[in-house]
Amino acid sequence: MLLLLFFLGNTVAPGKPAPVGETPTAPSVLSTTEVITKFKSGIDTQRLQVITQLENSVVRGDVHNQQVHVYHQLASYWMDTLHNEIIGAYYTGEGAKLENSEKNLTFAAHLLLGNMMSATDASMQKWLATQAKELFDKALIINPANDSTKIGIGVCYMFGNISESPMQGILAIKQIADKDSNNLYAQMMLGLGGIQSQQYDKAAERFLTVLRKQPGNIEAILDLAGTYERMGNKAEAVKWYENALNYIQVPQARKEIEERIKSLQ
């Protein structure tokens, strides 16, 4: 998934990113019903019947606890049986709202956030960001001191097309990084923000900060190599792509990086 995000992803793949200062064309708004219906369209009749039975299984009585249980069942079925992390995370989040569980709220939110970062459809990206932000917001009410949650909200603003001012997200994350330079999650997200805004020098500094603490962080290595490539610094790009090969064993991924290296030499 990491390599797919790097080579094909909407936010970090080589190419010209949309500058933060510019207002992108607003993507169409998807409803949750539309998203679920879309994913249901490729499911066979037998499995659709299981989903329908679960969706309609809440009856009179202790409706709250029944609903929580059904949401957990739906999350498990979508995630484990249908291998659909997006809808599985959505139902995990719905259950977490009823439970008022910070742990489950942030777990589901980060799953949605990860899928948002790799989404290529702007409308789906916006839906994922909207859902993730709602969960992060509720988790922050429970624990206002959770910096990871604050960063998650900032990432939604930066990359989710939910605001006309992505800088709102960058500034929120920067406050955390300025307070604690060892918050590597904040450093990584600011690095990606630097790529998006074409401030490549600043992006490289962020990734190098991460790598000084975590020399084997493959995501930071690949992002740094890609940043140098965008800057036209081929020697440094090759250096860091070659470094990445020390940590990647998947043959197809190695081949992709080796071909990238050859194209730069």
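The values are calculated or read from the model by the stated rules, or taken from the named source; none is laboratory data. Treat the numbers as computed from the prediction; the structure is a model and nothing was measured. Neighbour counts run over all protein chains shown; Cβ positions are idealised from the backbone, glycine included.
Points to keep in mind about this one:
- Candidates Leu224, Leu211, Leu190: the one that is outside the structural domain of Phe107 (by TED's automatic domain parsing), under 16 Å from the mean Cα position of the chain (by Cα) and buried (at least 17 other Cβ atoms within 10 Å of the Cβ) is Leu190.
- Enumerated helices (runs of 4 or more DSSP H) restricted to segment 43-137, each holding at least 3 residues that are closer than 26 Å to Asp147 by Cβ: 85-99, 102-118
- Scan of segment 150-178 for residues that are over 25 Å from Leu111 (Cβ atoms) and touching a residue at least 24 places away in the same chain (Cβ under 8 Å), ordered by number: Glu164, Met167
- Considering residues of segment 240-265 that are among the hydroxyl-bearing types (Ser, Thr, Tyr) and not in a loop (DSSP other than H, G, I, E, B) only, the residue surrounded by the most Cβ atoms within 10 Å (Cβ to Cβ): Tyr241
Matching residues to (1) touching a helix residue (DSSP H, G or I) at 6+ places or on another chain (Cβ under 7 Å); (2) within 15 Å of Gly152 (Cα to Cα); (3) among the aliphatic types (A, V, I, L, M); (4) surrounded by fewer than 21 Cβ atoms within 10 Å (Cβ to Cβ):
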{"site": "Tyr91", "(1), (2), (3), (4)": "yes, no, no, no"}
{"site": "Lys97", "(1), (2), (3), (4)": "yes, no, no, yes"}
{"site": "Glu102", "(1), (2), (3), (4)": "yes, yes, no, yes"}
{"site": "His110", "(1), (2), (3), (4)": "yes, yes, no, yes"}
{"site": "Gly114", "(1), (2), (3), (4)": "no, yes, no, yes"}
{"site": "Asp121", "(1), (2), (3), (4)": "no, no, no, yes"}
{"site": "Lys133", "(1), (2), (3), (4)": "yes, yes, no, no"}
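- Ile195 being within 20 Å of Thr149 (Cα to Cα), in a helix (DSSP H, G or I) and in contact (Cβ under 8 Å) with a residue 60 or more places away in the chain: no
- Checked against the criterion of being within 17 Å of Arg260 (Cβ to Cβ) and assigned to a helix (DSSP H, G or I), the candidates Ala177, Ala237 yield just one match: Ala237.
- Tyr185 being within 27 Å of Ala225 (Cβ to Cβ), part of a helix (DSSP H, G or I), in contact with a Pro (Cβ under 8 Å, 6 or more places away or on another chain) and free of Cβ contacts under 8 Å to residues at least 40 places away in the same chain: no
For every residue, the table says whether it meets (1) under 24 Å from Asn143 (Cα atoms); (2) in contact (Cβ under 8 Å) with a residue 24 or more places away in the chain.
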site: His72; (1), (2): yes, no
site: Asp80; (1), (2): no, no
site: Ile87; (1), (2): no, yes
site: Glu94; (1), (2): yes, no
site: Leu98; (1), (2): yes, yes
site: Glu102; (1), (2): yes, yes
site: Phe107; (1), (2): yes, no
site: Thr120; (1), (2): no, yes
